[in-house]
Every structure is written in structure tokens, then in C-alpha cells.
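The values are calculated or read from the model by the stated rules, or taken from the named source; none is laboratory data. Bear in mind the structure is a predicted one, so any value in this text is a computation, not a measurement. Cβ coordinates were reconstructed from backbone atoms using ideal geometry, including for glycine residues, and neighbour counts include every protein chain displayed.
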């Protein structure tokens, strides 16, 4: 069972809106999709615990690569799954779908 929840914007500061949205994240397994200012998917990931994983991007220090990614995130969505296996399969499909979109646009 997939449940698509509404995206929200992250503007580089941890304001009350962001804090409240992060509080709504479930501890369930699932996938998350980070988007840039143009709404383009820049990262797809999976998590055993969506709350812990997604929050980790907006807290603490990161390596250079992750800091660069986080600086580009202005929106994200997440999809709750029933199990870690389902999250893994969903992640694979989301990545394939993203790659197909990138290839389509490159050919266009």
C-alpha cells in the first residue's frame, strides 16, 4: 500500500513550518524524493524509518557531497510503504522512472 503525502518547501532555514512538517513524518518505511527549485527530482532514497532519515538531511553536519545536495533541496515528497522490501522495490522503480525521464529529455 502506497500513501503519497503532500510536499513542502525547505528554504535553508529551520522555520516553524518546516519543523511542524518534519514532525508529521511517520516512523514507517518508505521512499523520499528530493526536488530542486525547478521541481526536478535530484535524489530518490529509501528509509526503514522515514522520520529519522528525512530529518537527518536538515540536521547536523554532512560531508561535502551531502551538503551540496541539501543546499539544492527546496521540496520533497515521501511515500509510505508496508515494509522495507516494498520500500526497496519502490526506490528501484522510482530511480528507473527518473532515469527514463532524464534519457527522454536528453534525446528531445
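For the range 22-50, a residue qualifies if it is in contact with a helix residue (DSSP H, G or I) (Cβ under 8 Å, 6 or more places away or on another chain), under 24 Å from residue 93 (Cβ atoms) and without any contact (Cβ under 8 Å) to a residue 40 or more places away in the chain, and the qualifying residues are 27, 36, 42, 43, 48.
Among the residues here, residue 74 qualifies as surrounded by 18 or more Cβ atoms within 10 Å (Cβ to Cβ), at pLDDT below 80, in contact with a strand residue (DSSP E or B) (Cβ under 8 Å, 6 or more places away or on another chain) and on the phi < 0 side of the Ramachandran plot. In this structure, does residue 69 turn out to be under 24 Å from residue 97 (Cβ atoms) and out of contact with any helix residue (DSSP H, G or I) (no Cβ under 6 Å at 6 or more places or on another chain)? It is true that residue 69 is under 24 Å from residue 97 (Cβ atoms) and out of contact with any helix residue (DSSP H, G or I) (no Cβ under 6 Å at 6 or more places or on another chain).
When the range 32-47 is filtered for residues that are in contact with a strand residue (DSSP E or B) (Cβ under 9 Å, 6 or more places away or on another chain) and surrounded by 13 or more Cβ atoms within 10 Å (Cβ to Cβ), the ones remaining, listed by number, are 32, 33, 34, 35, 36, 41, 42, 43, 44, 45, 46, 47. The residues in the range 8-26 that are at pLDDT below 85 and surrounded by 16 or more Cβ atoms within 10 Å (Cβ to Cβ) can be counted, and the count is 4. When restricted to residues that are touching a residue at least 60 places away in the same chain (Cβ under 8 Å), in a loop (DSSP other than H, G, I, E, B) and farther than 13 Å from residue 46 by Cα, the range 56-103 contains 2.
In summary, residue 29 fulfils each of the numbered conditions (1) surrounded by 19 or more Cβ atoms within 10 Å (Cβ to Cβ); (2) at pLDDT 85 or above; (3) in contact with a strand residue (DSSP E or B) (Cβ under 6 Å, 6 or more places away or on another chain) with the single exception of condition (3).
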